[in-house]
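The values are calculated or read from the model by the stated rules, or taken from the named source; none is laboratory data. Values in this document were obtained by computation on a predicted structure and should not be read as measured data. Counting neighbours? That spans all protein chains shown, and the Cβs are built from the backbone with ideal geometry, glycine included.
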Ligand SMILES: [Mg+2]
Ligand SMILES: [Zn+2]
């Protein structure tokens, strides 16, 4: 990657950073980081990457939790990353239900556009790490480099990725492995 380009990693949240649940993550107590995920984010941040989170949170529209609770989850996430020496630069989420047919629910590109606007840069060429086909679809459509972790829904998603995505997606074990892959691909020294 040339010096002229910014370094940006966009992360899905549930199943990538924290353990996912079929019943939605509804409270701060239910927001539990996956092993190594916080340190992985910090390692990317310390290597000079901007870190963005792009997450579908239809639980808001469904009334399972409110914006204040979501903000408290995200404060915890940011505090843990900062305690590990890194930072999350921007968090964008879709609060809508699928039936609302909004422009920001993944795999649509609205969250990528929000991240680009918030950071005042193009997301083209950014890394995008997720655990679901929707994340990979958004990455490819948005010109990002897709990495699928096999935490969360990722292991079942990996086995059923359509052929056109499978050829473009890098599949790794977890966010720690994704971070190592990204740093190696970009020629960053890993200390
Ligand atoms: Mg996910
Ligand atoms: Zn939305």
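For this structure, a couple of remarks:
- Residue 59 meets each of the listed conditions (1) more than 14 Å from ligand 1 (Cβ to nearest atom); (2) more than 22 Å from residue 149 (Cα to Cα) apart from (1).
- Selected residue [surrounded by 16 or more Cβ atoms within 10 Å (Cβ to Cβ), at negative phi, more than 17 Å from the chain's Cα centre (by Cα) and within 16 Å of ligand 2 (Cβ to nearest atom)] from 47, 61, 54: 61
- Residue in the range 77-99 that is part of a helix (DSSP H, G or I), within 16 Å of ligand 1 (Cβ to nearest atom), at pLDDT 95 or above and touching a strand residue (DSSP E or B) at 6+ places or on another chain (Cβ under 8 Å) present: yes
- For first residues located in the range 60-79 and touching a residue at least 24 places away in the same chain (Cβ under 8 Å), partners that are surrounded by fewer than 18 Cβ atoms within 10 Å (Cβ to Cβ) and assigned to a helix (DSSP H, G or I) and lie 6+ apart or on another chain with Cβ distances below 7 Å form the pairs 60/67; 61/100; 69/28; 72/28; 73/28; 76/28.
- As for the range 10-29, it holds no residue that is more than 16 Å from ligand 1 (Cβ to nearest atom), touching a residue at least 60 places away in the same chain (Cβ under 8 Å) and at negative phi.
- Criterion applied to 128, 161 was being closer than 30 Å to residue 65 by Cα, away from ligand 2 (no atom under 16 Å from the Cβ) and not in a helix (DSSP H, G or I), and the one residue passing it is 128.
- Residue check: residue 143 meets all listed conditions (1) more than 22 Å from residue 40 (Cβ to Cβ); (2) in contact with a strand residue (DSSP E or B) (Cβ under 7 Å, 6 or more places away or on another chain) but one, namely (2).
- Inspection of the range 169-178 identifies at least one residue that is assigned to a strand (DSSP E or B), more than 14 Å from residue 12 (Cβ to Cβ) and more than 16 Å from ligand 2 (Cβ to nearest atom).
- In the range 148-158, the condition of being in contact with a strand residue (DSSP E or B) (Cβ under 8 Å, 6 or more places away or on another chain), touching a residue at least 60 places away in the same chain (Cβ under 8 Å) and either at negative phi or away from ligand 1 (no atom under 13 Å from the Cβ) (or both) is met by at least one residue.
- Matching entry among 115, 182 (being within 23 Å of residue 90 (Cα to Cα), surrounded by 18 or more Cβ atoms within 10 Å (Cβ to Cβ) and away from ligand 2 (no atom under 16 Å from the Cβ)): 182
- Residue in the range 11-19 that is more than 19 Å from residue 139 (Cβ to Cβ) and at pLDDT 95 or above present: yes
- Residue in the range 123-135 that is touching a strand residue (DSSP E or B) at 6+ places or on another chain (Cβ under 6 Å), over 25 Å from residue 72 (Cα atoms) and at pLDDT 95 or above present: yes
- Among the residues of the range 100-111, those identified as more than 7 Å from ligand 2 (Cβ to nearest atom) and either in contact with a strand residue (DSSP E or B) (Cβ under 8 Å, 6 or more places away or on another chain) or closer than 17 Å to residue 135 by Cβ (or both) are 106, 107, 108, 109, 111.
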